[in-house]
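Accompanying notes for the structure given below.
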Protein chains: 4
Amino acid sequence: MSPHDYNALLDIPNFPPERYAPLADRIARLLGTRSDIVFVQAEALLALEAIATSVARPGLVAANIVTSPYGAYFGAWLRRGGVEVLDIVAEPGQPITAPAVEAAISVLPKLDILVMVHGEAANGALNPLEAVARQARAHGALLIIDAVASVGAHAIDIDGLGIDFLAIGPQKALGGPVGLSAVAISPRGWSHIAATPSPSPSLLSLADIKANWLDKGRGALPGTPPPLEFWALEAAIGRVEAEGIDARIARHQLAARATRTGLRAMGVEPWIVDDDAASALVTSVPVPPGLDAGTLIVEGAGLGVALGRGFGDIEDRLLRIDHTGRRAAFASVSASLAGLGAVLKAHGVAVDIGAAIRVVAAVYKRT
Amino acid sequence: MSPHDYNALLDIPNFPPERYAPLADRIARLLGTRSDIVFVQAEALLALEAIATSVARPGLVAANIVTSPYGAYFGAWLRRGGVEVLDIVAEPGQPITAPAVEAAISVLPKLDILVMVHGEAANGALNPLEAVARQARAHGALLIIDAVASVGAHAIDIDGLGIDFLAIGPQKALGGPVGLSAVAISPRGWSHIAATPSPSPSLLSLADIKANWLDKGRGALPGTPPPLEFWALEAAIGRVEAEGIDARIARHQLAARATRTGLRAMGVEPWIVDDDAASALVTSVPVPPGLDAGTLIVEGAGLGVALGRGFGDIEDRLLRIDHTGRRAAFASVSASLAGLGAVLKAHGVAVDIGAAIRVVAAVYKRT
Amino acid sequence: MSPHDYNALLDIPNFPPERYAPLADRIARLLGTRSDIVFVQAEALLALEAIATSVARPGLVAANIVTSPYGAYFGAWLRRGGVEVLDIVAEPGQPITAPAVEAAISVLPKLDILVMVHGEAANGALNPLEAVARQARAHGALLIIDAVASVGAHAIDIDGLGIDFLAIGPQKALGGPVGLSAVAISPRGWSHIAATPSPSPSLLSLADIKANWLDKGRGALPGTPPPLEFWALEAAIGRVEAEGIDARIARHQLAARATRTGLRAMGVEPWIVDDDAASALVTSVPVPPGLDAGTLIVEGAGLGVALGRGFGDIEDRLLRIDHTGRRAAFASVSASLAGLGAVLKAHGVAVDIGAAIRVVAAVYKRT
Amino acid sequence: MSPHDYNALLDIPNFPPERYAPLADRIARLLGTRSDIVFVQAEALLALEAIATSVARPGLVAANIVTSPYGAYFGAWLRRGGVEVLDIVAEPGQPITAPAVEAAISVLPKLDILVMVHGEAANGALNPLEAVARQARAHGALLIIDAVASVGAHAIDIDGLGIDFLAIGPQKALGGPVGLSAVAISPRGWSHIAATPSPSPSLLSLADIKANWLDKGRGALPGTPPPLEFWALEAAIGRVEAEGIDARIARHQLAARATRTGLRAMGVEPWIVDDDAASALVTSVPVPPGLDAGTLIVEGAGLGVALGRGFGDIEDRLLRIDHTGRRAAFASVSASLAGLGAVLKAHGVAVDIGAAIRVVAAVYKRT
């Protein structure tokens, strides 16, 4: 007898086509943008591949900022489409700096596309969106931002910054499902797509999505859109609206601030040292010398505290504390620091758990 | 647009009658009893009223231990049925003591029924089950135990202790639904019912439940049993089986020990001083002099930490920390103590949050 | 590996107390009544017992119309409370007639309470609500109506007819859950309760519900209200509002008319001959002479067509066709008649299935 | 207040990685194959694109059977990958014939890949799987079968027929979710992939799926697999196992036979004339001359009967009756024929609804 079956999922009806467009409009309203919102009927990694595939053509030059494996993927997709790509690679697990971007771009003959991940769930880095957007505008380049791990926790002024493609993942700060994603596309983004050969027919061709949905009056989506994901997304958007997007962003910022202040009070410096370059979704801490990330994670799990592994080349070097969605709250932040502290202390690391909790409480009381 | 509708609940099919008996058997197996398990198709408070109504008749003498309003209700129901009832009342919010029970009973001319709540969710008290059971056996009295707030978190040897009626609530340590309850009834319990006029016809008559379900081969239950509750109970029982009842009990005991040790390290003595008389579901703490329970609860909620109000005559005098079900875990215990500490500290109470968390961590590490 | 577990039910949060009163108000609005709506936290049969227990006292005289076992139960509960009860019993499985009620009442010395089931799910009878309400008014008697199997499918003018207690079951035409019910209570109903000793403390005492919920500003309900049931009820009420109560009633009336006309075209006269005395939820047909109800039901189930058994003394004499909720639709009515016809034909009964379906289609096309 | 939110979906936990491999094994067992089952974390149309993209390389010659737009897509994807593709196109909306395939292939210089959709949901055609598989074997060609709309309703001997890639969609006869699909891949299929440049990195590269999941011991899937879809697939597979795959196939075959026999008795010849070339999931009927498909569909919906539109070039020429999953039952088949008949009759088409239902009943009674 399995304690894990979810039969209720099989009893849920189809998502009515007339709810797609209002849902897209609600997302646009939350993001405060006039860009079109289109759905990609698969997880956000496929939305990113769809963007890359839909904008790539030979003759273009792109600068691609790499601060985690996702950036590396994006470069590979652009190259597969014939684009000449310069990867701008940060220190392992660290955010890129604005000067590094500017310097790298300055040697390029031209700049057609500039790509960056905004927040990195893999290491807790936050890249300098405004400065990079300025670079794109200065060079008249198409600006592609992966906001999967920042939307809902950081303010993003899509129209003001001139973001042409913003990849949106519902499953992090928006508290929604995984198997569905969205892209905000500017008029300039559509113009570029119109001038680019489409990998048609494909559910991952943005040109096809435009032709088969947007241009047909936004009724039925192409293919067979997954109802569970759309119902879940609609419910999640409803929750964000009920809380207010600004309140949700503030809640995540508060959780990040409390976590970082608490860590320092405990005696642990966060992996990302600069507060302004730190994600509001996750905070990473370095694995102390001589200790093993996997062991610490298992011990945390034994206490019911989820310490996440890094991802990519720094996977053994840091631990991730998740304060996303429901976890962006005093109770979760306290428990995470308590658990991390307990695990480190057991290995002889000098930590002051009490100081951490006191500081977390103080940060929350002040609000 | 409401963020709170649960349409999925309307799509769930009926619970098939052939699943009732296996579900009852699984509960009996978890409890290690040969008593019959029967369902009461409503919350546990109605199961308790059903027991009282089904056993009461003029001419009987009962001793009724009162350690919360629930005990007072039970006495009222017995009296309504003509029973002569002696209430044995503990100090407000405190458990009864074995000597107090013995002394009270000793003055009675005879003892037909002995009634007690095992664990009190209202104040965190745990009454002395074994000693009271001995008293019942010594007097040949029917033993009725309200285990709604103890089953799944404390071991209860129904057959060994000679418990004739055990009221079971699925919604606490068993992690199940609210709108359904069960009663374990011994052969002696059935004999008593057979000799008592039944309030038939009624869904709350145990005699009717016997006649209409047990004696008819345990197929369809009488009335219209609520499918949502039965599916939920079945799923909950599946989870308990997967964890193991002993492991679940141990997990609750550990959470209680960690909470109590942590409180003392913080500088707060639990409301129930004796560890052996404390519930494994909730731990109460006194409201410090000069402070207001309601204010503290609101402030805790502001931090996302649930501090519960007392219930009954001590409702303004204590706060309850819930470590039941999923909350019986390091993360939840830590967060609760951190939150309680932060709230108290803000009112100038001298608490050492760090010491509390360190001790909680140590208790968990030791296991 | 069980294909039937519903773990999702265990993940659903509590129903917030501040949603109870709005939900009650939405029900009152749907029913167009100024009566108070109170919840009974158990199935409707317990709501009926609660009404009986709450209004009964020695010295009262009641006329109790019995057209199914439910009526018999109500009489028993009134008698248990000391009321002198005259049962007015209809022919087995048939509705009562207005003259029969008038005649029976005329011999009583006085009439304090008049009780009737409106629609009978057990046999498809619809009792003459308006005429009976006139009798109650003429005698100044309290009027208690069991509308569990009629609300949502038949118009009921609670205030205009002077109904003092209307028992509401969410699980039939309202499409809601089973484990929760409601009662609409008039000011006169409350006055009667105020003058009657209450079976306090009890979740089934309407006086307690008034004292502990209505009079306390309609916040938290007493006891532990089952969240699954309340979420489900709220969702069901939302669906009724979206369809419109009048549209839902009309849909049920249409399904009943199509079923009855179709049956006659098939060559089968409905069990209830008079269309105005027939339920809009279920239509019964007589079991043809020489055939066995159980066999026909099994054969219907083999075709995926649910033919229901009667209930009470006519359980072997009729079959029930359910056209409630989602089943109040052409597709379901057609399938039911097709299935019934196929089963009867296989036993040599002369039926014209084609004529039935043609007539059903015609009834639906006309609308 | 929306009557359509599905908040419960947001409360469902992650799908544990250790359940992926057992789930794949259960699917393999149901299909009776030794091929590897791999998951594609998106709808089946993307699984098909993944297969095409993963096997295509310049220098290969493919014969691609086109009996609906899906076949045309597959040809486009192969051509995009440099394959020389011969489309073997059937009459609009009709299945291909074995001789047509043989004749077309005979003119090719070589045959590396043979592709076919097994059952067509778009028009109800069933292509000749065994004969086509023989052709593939005779030419030593890789055999790719789209079984999305046939698996679970038609027996498919993957290993015996030598199918190298079988695309599996859970959402039709298997009764599962939409946003997830699977592919059964033979050792020969893997060898071909190993010899083909992969579109890495991509969630749609089968080589990547092999490297990142199969070759790593089948633990965590790459990317972020959607939990709702996996829980739903697991529950659906559980239901198929409980029914038995053979029983489920037989149930669909019976529904198709009843529908087709019933249609003929009504006076309507199915769109696909040959019973052996007809799908067990849907049965199409021609739109009678002078009538409009859209109008008929709207009128059917008015009766609560879902008549589907065709898809592709025959979309205005046929109506589809769905007898998939729960609809593979007498009640649904009867209701569909009754509804279709009523709609046609209202337009003056001579139909004998009664004869249809009698015949459907007879087909079901015989089993």
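The values are calculated or read from the model by the stated rules, or taken from the named source; none is laboratory data. Note that the structure is a prediction, hence the values are computed from the model and not measured. Note that each Cβ is placed from the backbone with ideal geometry, even for glycine, and that neighbours are counted across all protein chains shown.
For (1) crowded, with 22+ Cβ neighbours inside 10 Å; (2) touching a residue at least 24 places away in the same chain (Cβ under 8 Å); (3) more than 11 Å from chain D (Cβ to nearest Cβ); (4) among the aliphatic types (A, V, I, L, M), each residue gets a yes or a no:
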| position | (1), (2), (3), (4) |
| --- | --- |
| A:PRO13 | no, yes, no, no |
| A:ALA42 | yes, yes, no, yes |
| A:ALA50 | yes, yes, no, yes |
| A:ALA63 | yes, yes, yes, yes |
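Looking only at residues that are in a helix (DSSP H, G or I) and buried (at least 19 other Cβ atoms within 10 Å of the Cβ) in the range B:208-225, which one is farthest from the other protein chains (Cβ to nearest Cβ)?
B:LYS210
Just checking, does the range A:212-220 include any residue being aliphatic (A, V, I, L, M) and touching a Leu at 6+ places or on another chain (Cβ under 6 Å)? I'd like the intermediate steps shown before the answer.
From the range A:212-220, those aliphatic (A, V, I, L, M) are A:214, A:220; that's our starting set.
Right, trim to touching a Leu at 6+ places or on another chain (Cβ under 6 Å) and you get none.
No: the range A:212-220 contains no residue that is aliphatic (A, V, I, L, M) and touching a Leu at 6+ places or on another chain (Cβ under 6 Å).
Which one of the conditions (1) out of contact with any Lys or Arg (no Cβ under 6 Å at 6 or more places or on another chain); (2) more than 30 Å from B:VAL240 (Cβ to Cβ) does B:VAL85 fail to meet, given that it meets all the rest?
Going through (1) out of contact with any Lys or Arg (no Cβ under 6 Å at 6 or more places or on another chain); (2) more than 30 Å from B:VAL240 (Cβ to Cβ) one by one, B:VAL85 breaks only (1).
If I filter the range A:357-367 for residues that are within 13 Å of B:ARG358 (Cβ to Cβ), at pLDDT below 95, more than 7 Å from chain B (Cβ to nearest Cβ) and buried (at least 24 other Cβ atoms within 10 Å of the Cβ), do I get at least one hit? Spell out the reasoning first.
First, pick out the residues of the range A:357-367 that are within 13 Å of B:ARG358 (Cβ to Cβ): A:357-358.
Retained after the next criterion (residues that are at pLDDT below 95): A:357-358.
When the remaining residues are screened for being more than 7 Å from chain B (Cβ to nearest Cβ), the result is none.
Looking for residues that are within 13 Å of B:ARG358 (Cβ to Cβ), at pLDDT below 95, more than 7 Å from chain B (Cβ to nearest Cβ) and buried (at least 24 other Cβ atoms within 10 Å of the Cβ), one finds none in the range A:357-367, hence no.
Of all the residues that make up the range B:21-58, how many are under 16 Å from B:LEU142 (Cβ atoms), in a loop (DSSP other than H, G, I, E, B) and out of contact with any strand residue (DSSP E or B) (no Cβ under 8 Å at 6 or more places or on another chain)?
Of the residues in the range B:21-58, 3 are under 16 Å from B:LEU142 (Cβ atoms), in a loop (DSSP other than H, G, I, E, B) and out of contact with any strand residue (DSSP E or B) (no Cβ under 8 Å at 6 or more places or on another chain).
Take the conditions crowded, with 20+ Cβ neighbours inside 10 Å and not assigned by TED's automatic domain parsing to the domain that holds C:PRO95 and apply them to C:GLY325. Does it pass?
Working: crowded, with 20+ Cβ neighbours inside 10 Å: yes; not assigned by TED's automatic domain parsing to the domain that holds C:PRO95: yes.
For C:GLY325, the condition - crowded, with 20+ Cβ neighbours inside 10 Å and not assigned by TED's automatic domain parsing to the domain that holds C:PRO95 - is met.
Among the listed residues C:TRP271, C:TRP231, which satisfies the condition of being touching a helix residue (DSSP H, G or I) at 6+ places or on another chain (Cβ under 8 Å) and either under 14 Å from C:LEU344 (Cα atoms) or of a type in the set (A, V, I, L, M, F, W, C) (or both)? Don't jump to the end; show me each part of the working.
Working: C:TRP271 fails: touching a helix residue (DSSP H, G or I) at 6+ places or on another chain (Cβ under 8 Å).
Going through C:TRP271, C:TRP231 in turn, the sole match is C:TRP231.
Any idea which of B:GLY310, B:GLY302 is surrounded by fewer than 18 Cβ atoms within 10 Å (Cβ to Cβ) and at pLDDT below 95?
B:GLY302
Among the candidates C:ILE105, C:ILE193, C:ILE96, single out the residue that is crowded, with 24+ Cβ neighbours inside 10 Å and either under 14 Å from the mean Cα position of the chain (by Cα) or not in a strand (DSSP E or B) (or both).
Checking each option against the conditions leaves just C:ILE96.
List the number of the failed condition for B:PRO199; all other conditions in (1) more than 14 Å from every other protein chain (Cβ to nearest Cβ); (2) touching a residue at least 24 places away in the same chain (Cβ under 8 Å); (3) touching a helix residue (DSSP H, G or I) at 6+ places or on another chain (Cβ under 8 Å) hold.
(1)
Report, by residue number, each residue of the range B:249-285 that is surrounded by fewer than 17 Cβ atoms within 10 Å (Cβ to Cβ) and either closer than 20 Å to B:ASN127 by Cβ or of a type in the set (D, E, K, R) (or both).
If the condition is that a residue be surrounded by fewer than 17 Cβ atoms within 10 Å (Cβ to Cβ) and either closer than 20 Å to B:ASN127 by Cβ or of a type in the set (D, E, K, R) (or both), then B:GLN253, B:ARG264, B:GLU269, B:VAL273, B:ASP274, B:ASP275, B:ASP276, B:ALA277 are the ones that fit.
Out of curiosity, is D:GLU18 out of contact with any helix residue (DSSP H, G or I) (no Cβ under 9 Å at 6 or more places or on another chain), assigned to a helix (DSSP H, G or I) and not hydrophobic (A, V, I, L, M, F, W, C)? Give the steps one after another, and end with the answer.
Details: out of contact with any helix residue (DSSP H, G or I) (no Cβ under 9 Å at 6 or more places or on another chain): yes; assigned to a helix (DSSP H, G or I): yes; not hydrophobic (A, V, I, L, M, F, W, C): yes.
The answer is yes for D:GLU18.
Return the residues of the range D:339-354 that are at the interface with chain C (Cβ under 7 Å from one of its Cβ atoms) and surrounded by fewer than 18 Cβ atoms within 10 Å (Cβ to Cβ); say none if nothing qualifies.
If the condition is that a residue be at the interface with chain C (Cβ under 7 Å from one of its Cβ atoms) and surrounded by fewer than 18 Cβ atoms within 10 Å (Cβ to Cβ), then D:ALA346, D:ASP352 are the ones that fit.
Can you confirm whether the range B:226-233 contains a residue that is more than 14 Å from chain C (Cβ to nearest Cβ), in contact (Cβ under 8 Å) with a residue 40 or more places away in the chain and within 27 Å of C:PHE230 (Cβ to Cβ)?
No.
Please verify whether B:ALA256 is more than 9 Å from every other protein chain (Cβ to nearest Cβ) and either in contact with a Gly (Cβ under 8 Å, 6 or more places away or on another chain) or modelled with pLDDT under 95 (or both), treating the condition exactly as stated.
No; evaluated as a whole, the condition is false for this residue.
Can you pull out every residue in the range C:236-263 that is closer than 22 Å to B:TYR6 by Cα and free of Cβ contacts under 8 Å to residues at least 40 places away in the same chain?
Within the range C:236-263, C:GLY238, C:ALA242, C:GLU243, C:GLY244 meet the criteria.
Condition (residue is at negative phi, within 11 Å of chain D (Cβ to nearest Cβ) and not in a helix (DSSP H, G or I)) applied to the range C:325-332: is it met by at least one residue?
Yes, that holds for at least one residue.
Only one of these is surrounded by 23 or more Cβ atoms within 10 Å (Cβ to Cβ) and either farther than 22 Å from B:ALA155 by Cα or in contact (Cβ under 8 Å) with a residue 24 or more places away in the chain (or both): B:GLY71, B:GLY32, B:GLY82. Name it. Spell out how you get there, then give the answer.
On the way: B:GLY32 fails: surrounded by 23 or more Cβ atoms within 10 Å (Cβ to Cβ); B:GLY82 fails: surrounded by 23 or more Cβ atoms within 10 Å (Cβ to Cβ).
Exactly one residue qualifies, and that residue is B:GLY71.
Do the conditions hold for D:ALA76, that is, is it surrounded by fewer than 21 Cβ atoms within 10 Å (Cβ to Cβ), within 14 Å of another protein chain (Cβ to nearest Cβ) and under 18 Å from D:ASP146 (Cβ atoms)?
Yes, satisfied.
Within the group C:ALA155, C:ALA90, C:ALA103, which residue is more than 14 Å from every other protein chain (Cβ to nearest Cβ), at pLDDT 95 or above and within 20 Å of C:ARG79 (Cβ to Cβ)?
C:ALA90
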